[in-house]
1. Residue by residue through the stretch 54-68, note down the ones that are open to solvent by less than 30 Å² (accessible area, probe 1.4 Å) and assigned to a helix (DSSP H, G or I).
2. I'm told D77 meets every condition in (1) surrounded by 12 or more Cβ atoms within 10 Å (Cβ to Cβ); (2) at pLDDT 90 or above; (3) under 19 Å from the mean Cα position of the chain (by Cα) except one. Can you identify the failing condition by its number?
3. Whether any residue in the stretch 117-130 is touching a residue at least 40 places away in the same chain (Cβ under 8 Å) and at positive phi is what I want to check.
4. Give just the number: which of (1) over 16 Å from A109 (Cβ atoms); (2) in contact with a helix residue (DSSP H, G or I) (Cβ under 6 Å, 6 or more places away or on another chain); (3) modelled with pLDDT under 95 does Y86 not satisfy?
5. When the residues of the stretch 94-117 are filtered to those that are within 11 Å of the chain's Cα centre (by Cα), open to solvent by 10 Å² or more (accessible area, probe 1.4 Å) and charged (D, E, K, R), which remaining residue is nearest to Y138 (Cα to Cα)?
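The values are calculated or read from the model by the stated rules, or taken from the named source; none is laboratory data. Just so we're clear, the structure is a prediction, and the values are computed from it rather than from any experiment. Neighbour counts run over all protein chains shown; Cβ positions are idealised from the backbone, glycine included. Just the protein is used for accessible areas: all its heavy atoms, side chains included, with ligands, DNA and RNA removed. Shrake-Rupley method; radii C 1.70, N 1.55, O 1.52, S 1.80 Å.
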Amino acid sequence: MRPGAASRGSAERALTSVAAGEAYESEAHAGHGSQARESAEGETVQAPRLWHVTLSVSGAEAPLKELRRGLEQLAHDHPFLLTSRYAPDHAEIRYWEEARDLHDAAAVALRLWGEHRQSAQLPPWEIVGLEVIDRDTYHQRIAEGYGPLPATPVGVHPF
């Protein structure tokens, strides 16, 4: 489980980032080839990949000072957070997630705000948007001049 993420009960499985390990290392050195490898038992195992996540949240207005502090705490709790932008009634969080597939990356992203809401004292906003794209698509969009711009400057900033 991620640091600061509270479990919602023993009956519910906690989601977390997939550790890189040997599967990722061997794929990283092999280039963009196959994303699958064979396990010792002969099963096909999906190697983890990097996914660029943009999470949009919105709700009733919140004090900007408290919102900024909460987003900074979220960045501390979630070390791969690239940037957060915020306004009194909405925010956008962008980061890289390592996961086997889009479904795993999206599942983690959809739980991020709720799992950190109490520990980071974030407002009770709802998720109103989610985009998860693979690394190649992200870089292709940037090269073509559209899509999410690179997260500069990194950190927590007003819109």
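1. Correct list: L67 only.
2. With (1) surrounded by 12 or more Cβ atoms within 10 Å (Cβ to Cβ); (2) at pLDDT 90 or above; (3) under 19 Å from the mean Cα position of the chain (by Cα) applied to D77, the lone miss is (2).
3. The first filter runs over the stretch 117-130 and keeps only residues touching a residue at least 40 places away in the same chain (Cβ under 8 Å), leaving 118-130.
Retained after the next criterion (residues that are at positive phi): 121.
There is at least one residue in the stretch 117-130 that is touching a residue at least 40 places away in the same chain (Cβ under 8 Å) and at positive phi.
4. (3)
5. Result: R94.
Yes or no, residue by residue, for (1) in a helix (DSSP H, G or I); (2) touching a Cys at 6+ places or on another chain (Cβ under 8 Å); (3) more than 18 Å from L50 (Cα to Cα):
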site	(1), (2), (3)
G70	yes, no, yes
R85	no, no, yes
I93	no, no, no
E97	no, no, no
L110	yes, no, no
G114	yes, no, yes
V132	no, no, no
T137	yes, no, no
I142	yes, no, no
